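Worksheet: one structure, shown below.
Just so you know, all these numbers are worked out from the coordinates, no wet-lab data involved. Small disclaimer: the values here were computed from a predicted structure and weren't measured. In this analysis, Cβ positions are derived from the backbone assuming ideal geometry, glycine residues included, and neighbour counts consider all displayed protein chains.
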Amino acid sequence: MVTMEERPRERRRRRHTHRLRKFVLLLVVLLAFAGAYHYVHRPGFAFGSVQIHGTNLFTQEQILRMCDAEPPVNLFRLSKSRILKALRGDVRVAKAEAYYNVGFPPVLNIYVNERVPVLYVQTGYGDYAKLDASGLVLDITDGIKDASVPRLTGVRLANIFIGDTIETDDVKEVMKFLLKLSPEARQQVAELTIDGNHKLVLRMDYGFPVMLGPVNELAGKADLFMTVYNEMKGKNIQALYMDLEYSKPYVRLKSDAIEQQKIAAQQKQQQEQRAQQEKRRQQAVQKQKQEQQTKKQ
């Protein structure tokens, strides 16, 4: 039989035992959580996947290295913020976003918009700087790596590094002209040259040059070029060159050149014939004089 004095003591003992059990249970949960956390964060543990959209610049291994991780993919070890910071700090990337796909197994989707190269410009060391539409230097290469991107010659960029933005007036004017062309027309531009008279000459993939006039007067030439380009598109026109330096375009056809060559050849032949006739006439006159002198003697 429990006495009145023992009842408070028993209640205290029970409370103490209950608190001890709660503490032990909490400790077990914390240890289990710590063990699970350590287990899922170990390098060999695989969980989830990474999918990269919109670019082939980066492999899955490169994405993992941005978080100091190695294959296999373990989303517990990846930091979305670190990945985005690394991608957005790459000069080749215009925009980067990342989202988790809820499900099992989960997927980290990474969306990348690349900067599009527009022009190659030769540097002072003979290499080529690859520029985007804003004049940002995306890369410096020892040659033209992308045949679909035209190159600009006649101007050289000195002390240029990746990540610089080109502020050269000539390059900026040429860039403005190019960006006003349709994508189809721009893809057929192979080379642009600033000649000794500071005039821009454009050469298409299919050969003939286009004279555009002074670089500082290119405003409006893109519209004129596109008008002539659209008129000639789809037609089998054999041209020697196109002159857009003035408001009225002029296209010199190969057939005209051939005809002029024929005319020039005929004129040359006629001149040679007249020269031979004159030579024979002079010889005849000379012979006649000699005969007269012989008769007098």
Hits in region 81-124: amide N under 14 Å from the 7 Å Cα→Cβ extension of H53, namely 96-102, 107-114
For each of I110, I166, count neighbouring Cβ atoms within 10 Å of the residue's Cβ, then give the residues from fewest to most.
I166, I110
Simple spin-label estimate for N216 and R156 in nanometres, 7 Å along Cα-Cβ:
2.3
Where labels lie 7 Å past Cα in the beta-carbon direction, separation of R14 and R65 in nm
6.6
Count of lysine pairs in region 66-207 with Cα separation under 30 Å (8 or more residues apart, or interchain)
24
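Tell me, Kirkwood radius of region 117-255 from alpha-carbon pair distances, in Å? Could the numbers behind the result be given before it?
On the way: mean 1/r = 0.0650 Å⁻¹.
15.4 Å is the Kirkwood radius here.
Find the Rg to Rh ratio for region 49-114, where Rh is the Kirkwood radius over alpha-carbon pairs and Rg uses the same atoms.
On the way: Rg = 11.0 Å, Rh = 11.9 Å.
Rg/Rh: 0.93.
Two decimals, Cα atoms only, Kirkwood Rh: what is Rg/Rh over region 110-169?
Working: Rg = 11.3 Å, Rh = 11.7 Å.
Dividing the radius of gyration by the Kirkwood radius yields 0.97.
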What is the order of V228, V93, fewest Cβ neighbours within 10 Å to most?
V228, V93
Given a Förster radius of 41 Å and the C-beta distance between D127 and S247 as r, what FRET efficiency does 1/(1 + (r/R0)^6) yield to the nearest 0.05?
0.60
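In which sequence would Y120, Y229 go, from the one with the fewest C-beta neighbours within 10 Å to the one with the most?
Listed from fewest to most nearby Cβ atoms, that is Y229, Y120.
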